[in-house]
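The values are calculated or read from the model by the stated rules, or taken from the named source; none is laboratory data. These figures come from a predicted structure and were not determined experimentally. Here the Cβ is made from the backbone with ideal geometry for all residues, glycine too, and neighbour counts use every protein chain on show.
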Amino acid sequence: MTAALLPVFAQPAFARIGVGRVVKMTRDGLKSPLQKAAERGDAKAQYALGNAYSKGQDVSKSDEQAVSWYQKSASQGYAPAQAALGYAYSSGLGVPHDDQQAVSFFQKAANQGNASAQYNLGMAYSNGQGVPHSDEEAASWYQRAAHQGYAPAEFNLGAAYYHGEGVVQDYGQAVFWYQKAAEQGDAKAQTALGVAYITGRGVTKSRDNALIWIQKAADQGDVTAQKILPALKK
């Protein structure tokens, strides 16, 4: 079994601003502090309000309203909103699907160091979505996100090293990055690490260690791990 690059874009993690209930009207009918801040042009509040609409927190869920607030925030250069807007375009949530627009916003956020945007930009290059296919560019962006501890990027960077896609093949480096992602609970990385212990690629063979990691992945519902597990337990 070999590890595969993830086939979809990842939604950026949503930050919450400490304002209690997100946008619900106060008892006297006045707007919440967050709503007021967003309408005054506060970029962080606009992003948080977009999150509220995206997830239906204290407001009726509306992808269109979410995008509207993300756009306001992103236009001020706020990287998390740019990343969220890129995800909206890549997924067609609240806006028509547009890979070029998605890449444009991922690039803006990635250039500011946003890890989820760096990962998604890597995915765009890996899949040739909105940009020409380039394993080298993909690996470069995975690496930037991985160095920030972003688990999906750690796994994909490990897979790149395992297969020699965009980087020189190096099983030791593959295991290094699989381990980092696996320790954060990434099921695909746990499976890949378990397989490395089975095959001895990049690490000394160990049935016991293989069983530990395959079991962890199987417990999370990873289908590949669940298929491997019975044979390991014999």
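For the stretch 117-140, the set of residues classified as in contact with an Asp or Glu (Cβ under 8 Å, 6 or more places away or on another chain), farther than 16 Å from Gln100 by Cβ and not polar (S, T, N, Q) consists of Gly122, Asp135, Ala138, Ala139, listed by residue number. Taking the numbered list (1) surrounded by 21 or more Cβ atoms within 10 Å (Cβ to Cβ); (2) over 28 Å from Tyr125 (Cα atoms) in turn, Gly166 passes all entries but (2).
Where residues in the stretch 87-97 are touching a residue at least 24 places away in the same chain (Cβ under 8 Å) and over 14 Å from Ser68 (Cα atoms), which of them is surrounded by the fewest Cβ atoms within 10 Å (Cβ to Cβ)? Even if it seems obvious, please write down each step before you answer.
So in the stretch 87-97, the residues touching a residue at least 24 places away in the same chain (Cβ under 8 Å) come out as 87-88, 90-91, 93-95.
So of that shortlist, the ones also over 14 Å from Ser68 (Cα atoms) come out as 90-91.
Numbers: Ser90: 25, Ser91: 15.
It comes out as Ser91.
So if I check each of Ala10, Ala38, which one is surrounded by 12 or more Cβ atoms within 10 Å (Cβ to Cβ) and either modelled with pLDDT of 95 or more or over 30 Å from Thr191 (Cβ atoms) (or both)? Write out each step before concluding.
Numbers: Ala10 fails: either modelled with pLDDT of 95 or more or over 30 Å from Thr191 (Cβ atoms) (or both).
Selected residue: Ala38, the only one of Ala10, Ala38 that is surrounded by 12 or more Cβ atoms within 10 Å (Cβ to Cβ) and either modelled with pLDDT of 95 or more or over 30 Å from Thr191 (Cβ atoms) (or both).
Scanning the stretch 197-213 for residues that are assigned to a helix (DSSP H, G or I) and farther than 18 Å from Pro152 by Cα yields Tyr197, Ile198, Thr199, Arg207, Asp208, Asn209, Ala210, Leu211, Ile212. Which residues, taken from the stretch 211-224, are surrounded by 19 or more Cβ atoms within 10 Å (Cβ to Cβ), free of Cβ contacts under 8 Å to residues at least 40 places away in the same chain and more than 16 Å from Glu183 (Cβ to Cβ)? Across the stretch 211-224, the qualifying residue is only Ala218.
Looking at Tyr178, Tyr197, which one is crowded, with 22+ Cβ neighbours inside 10 Å, over 21 Å from the mean Cα position of the chain (by Cα) and of a type in the set (Ser, Thr, Tyr)? I'd like the intermediate steps shown before the answer.
Working: Tyr178 fails: over 21 Å from the mean Cα position of the chain (by Cα).
Going through Tyr178, Tyr197 in turn, the sole match is Tyr197.
Leu229 falls short of the stated requirement of being in a helix (DSSP H, G or I), touching a Leu at 6+ places or on another chain (Cβ under 6 Å) and without any contact (Cβ under 8 Å) to a residue 24 or more places away in the chain. Looking only at the stretch 55-67, which residues are surrounded by fewer than 24 Cβ atoms within 10 Å (Cβ to Cβ) and either on the phi > 0 side of the Ramachandran plot or assigned to a helix (DSSP H, G or I) (or both)? Within the stretch 55-67, Lys55, Gly56, Asp58, Asp63, Glu64, Gln65, Val67 qualify.
Cβ-Cβ below 9 Å, separation at least six or inter-chain, first residue in the stretch 114-143 and on the phi > 0 side of the Ramachandran plot, second surrounded by 24 or more Cβ atoms within 10 Å (Cβ to Cβ) and in a helix (DSSP H, G or I): which pairs? Partner pairs satisfying both residue conditions: Gly130/Tyr89; Gly130/Ser90; Gly130/Ala102; Gly130/Phe106; Gly130/Ala124.
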